[in-house]
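Trainee: Starting off with a structure, shown below.
The values are calculated or read from the model by the stated rules, or taken from the named source; none is laboratory data. Everything numeric in this text was worked out from a predicted model, so none of it was measured. All Cβ positions, glycine included, derive from the backbone under ideal geometry; neighbour counts span all protein chains shown. Note: areas computed on protein heavy atoms with side chains; ligands, DNA, RNA excluded. Shrake-Rupley method; radii C 1.70, N 1.55, O 1.52, S 1.80 Å.
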Amino acid sequence: ADDDIYAIAVQTEKKIILGGSFTFFGGEARNYIARINTDGSLDTDFYAEADCYVSAIAIQPDGKILVGGWFTEIGGFERNRIARLWPDGFVDTDFNADADNAVLSIALQPDGQILLGGYFTTVNGYMTNGIIRLDEYGGPDYSFYSNVNSAVYSIALQPDGMIVVGGMFSS
């Protein structure tokens, strides 16, 4: 890559999705997201350009790819900082989420719900600072309420279901 890689996820068929601030990979234009084969070569069958950085990637059990970052467009569709792609890189138009600022981390819960962390203060018009849980279509889970006073950079799930977050916040 010609610039930084911020996120890596491995698909079940062992292909690797990369996100970052790069605009070329392996000498070919790839704006902020690319897929590589197990030997490290560019997979030219996957093409999902974004218009700005991709900083988080998660692969769902059904193979769909969640991506977060600073982008406002991906794969030719307007998607504000969070999108879901089919395994081949095309945008899944059934998933509609809209964050007002960067999404920096994504974690998947066993029940299919999606945790996002980042710089955002609203998602789909719902006020939330830095962390939110979404349903499988990108809608806010209103039963989950947690706010931080600054950005969430990382989210992890413990085996007991507890959520661990890290970032710039102090409360």
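Trainee: Take residues that are surrounded by 20 or more Cβ atoms within 10 Å (Cβ to Cβ) and tell me which of the strands (runs of 3 or more DSSP E) falling wholly in segment 90-171 contain 2 or more. Outline the logic, then answer.
Mentor: Working: elements: 103-108, 114-118, 131-134, 152-157, 163-167.
In segment 90-171, the matching strands (runs of 3 or more DSSP E) lie at 103-108, 114-118, 131-134, 152-157.
Trainee: Quick check on GLY26: is it surrounded by 14 or more Cβ atoms within 10 Å (Cβ to Cβ) and more than 27 Å from MET168 (Cα to Cα)? Outline the logic, then answer.
Mentor: Numbers: surrounded by 14 or more Cβ atoms within 10 Å (Cβ to Cβ): yes; more than 27 Å from MET168 (Cα to Cα): yes.
So GLY26 passes the test.
Trainee: So, one more: Quick one: which strands (runs of 3 or more DSSP E) sit completely within segment 46-85 and have at least 3 residues that are touching a Leu at 6+ places or on another chain (Cβ under 7 Å)?
Mentor: Numbers: elements: 54-59, 65-69, 82-85.
Passing ranges, in order: 54-59, 65-69.
Trainee: Tally the residues that are surrounded by 14 or more Cβ atoms within 10 Å (Cβ to Cβ) and not in a strand (DSSP E or B), restricting the search to segment 29-44.
Mentor: Applying the first criterion (surrounded by 14 or more Cβ atoms within 10 Å (Cβ to Cβ)) to segment 29-44 yields 30-37, 42-43.
Those still in the list that are not in a strand (DSSP E or B) too: 30-32, 37, 43.
Going through segment 29-44 one residue at a time, the tally reaches 5.
Trainee: Separate question: Taking TYR53 as the residue in question, decide whether it is open to solvent by 20 Å² or more (accessible area, probe 1.4 Å), at negative phi and modelled with pLDDT under 95.
Mentor: It is false that TYR53 is open to solvent by 20 Å² or more (accessible area, probe 1.4 Å), at negative phi and modelled with pLDDT under 95.
Trainee: Moving to a separate point now. For segment 123-134, give me each residue that is touching an Asp or Glu at 6+ places or on another chain (Cβ under 6 Å) and either modelled with pLDDT of 95 or more or not polar (S, T, N, Q) (or both).
Mentor: Step one: of segment 123-134, the residues touching an Asp or Glu at 6+ places or on another chain (Cβ under 6 Å) are 124, 133.
Correct list: ARG133 only.
Trainee: When residues of segment 65-93 are filtered for being on the phi > 0 side of the Ramachandran plot and charged (D, E, K, R), how many remain?
Mentor: 1
Trainee: May I ask you to list the residues in segment 71-82 that are farther than 14 Å from GLU136 by Cβ and either surrounded by fewer than 20 Cβ atoms within 10 Å (Cβ to Cβ) or of a type outside the set (Phe, Trp, Tyr) (or both)? Spell out the reasoning first.
Mentor: We begin by selecting, within segment 71-82, every residue farther than 14 Å from GLU136 by Cβ; these are 71-81.
THR72, GLU73, ILE74, GLY75, GLY76, PHE77, GLU78, ARG79, ASN80, ARG81, listed by residue number.
Trainee: Can you tell me which residue is nearest to TYR153 (Cα to Cα) among those in segment 120-142 that are in contact with a Gly (Cβ under 7 Å, 6 or more places away or on another chain) and not hydrophobic (A, V, I, L, M, F, W, C)?
Mentor: Per the stated criteria, the residue is GLY130.
Trainee: Select from segment 1-15 the residues that are open to solvent by 40 Å² or more (accessible area, probe 1.4 Å) and not small (Gly, Ala, Ser) and list them in ascending order. Give the steps one after another, and end with the answer.
Mentor: We begin by selecting, within segment 1-15, every residue open to solvent by 40 Å² or more (accessible area, probe 1.4 Å); these are 1-6, 8, 10, 12-15.
Listed by number, the residues that qualify are ASP2, ASP3, ASP4, ILE5, TYR6, ILE8, VAL10, THR12, GLU13, LYS14, LYS15.
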